[in-house]
1. Given the condition over 16 Å from residue 5 (Cβ atoms) and free of Cβ contacts under 8 Å to residues at least 24 places away in the same chain, answer yes or no: does some residue in the range 26-33 qualify?
2. Just to verify a result, which residue in the range 78-92, among those that are closer than 16 Å to residue 30 by Cβ and without any contact (Cβ under 8 Å) to a residue 40 or more places away in the chain, is surrounded by the fewest Cβ atoms within 10 Å (Cβ to Cβ)?
3. What is the one condition in (1) at pLDDT below 90; (2) over 14 Å from the mean Cα position of the chain (by Cα); (3) assigned to a helix (DSSP H, G or I) that residue 80 does not satisfy?
4. When the range 50-77 is examined, which residues are found to be part of a helix (DSSP H, G or I) and loosely packed, with under 14 Cβ neighbours inside 10 Å?
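The values are calculated or read from the model by the stated rules, or taken from the named source; none is laboratory data. Owing to the predicted nature of the structure, the values given are computational and were not obtained by experimental measurement. We place every Cβ from the backbone using ideal geometry, glycine too, and count neighbours over all the protein chains shown.
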């Protein structure tokens with residue numbers, strides 16, 4: 001089982017490694033809902049930092065956030081977490 005998950009900003013793919021942002025999220029002992037909340041919180045922080053100075057920060061942030069959450073959920077590969085993430089993304 002994955003104990004730590006790294007949330008990386010999609011902006012790093014566009015801007016290059018000099019502006020890469022990432023955070024670690026502990027997965028240990030968390031329910032899918034708690035883990036998704038922590039992933040979302042980390043993605044917000046990472047993406048907010050990644051879009052500073054961008055020409056289109058709002059659009060870049062939205063793209064970064066969706067990519068970061070989706071990638072983290074896919075990395076964990078837990079069907080329960082995927083269900084929680086899917087329902088949260090649909091609600092937004």
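1. There is no residue in the range 26-33 that is over 16 Å from residue 5 (Cβ atoms) and free of Cβ contacts under 8 Å to residues at least 24 places away in the same chain.
2. 79
3. Answer for residue 80: the failing condition is (1).
4. 58, 59, 74
Here is a yes/no grid of residues against (1) at pLDDT below 90; (2) touching a strand residue (DSSP E or B) at 6+ places or on another chain (Cβ under 9 Å):
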| site | (1), (2) |
| --- | --- |
| 5 | yes, yes |
| 15 | yes, no |
| 33 | no, no |
| 37 | no, no |
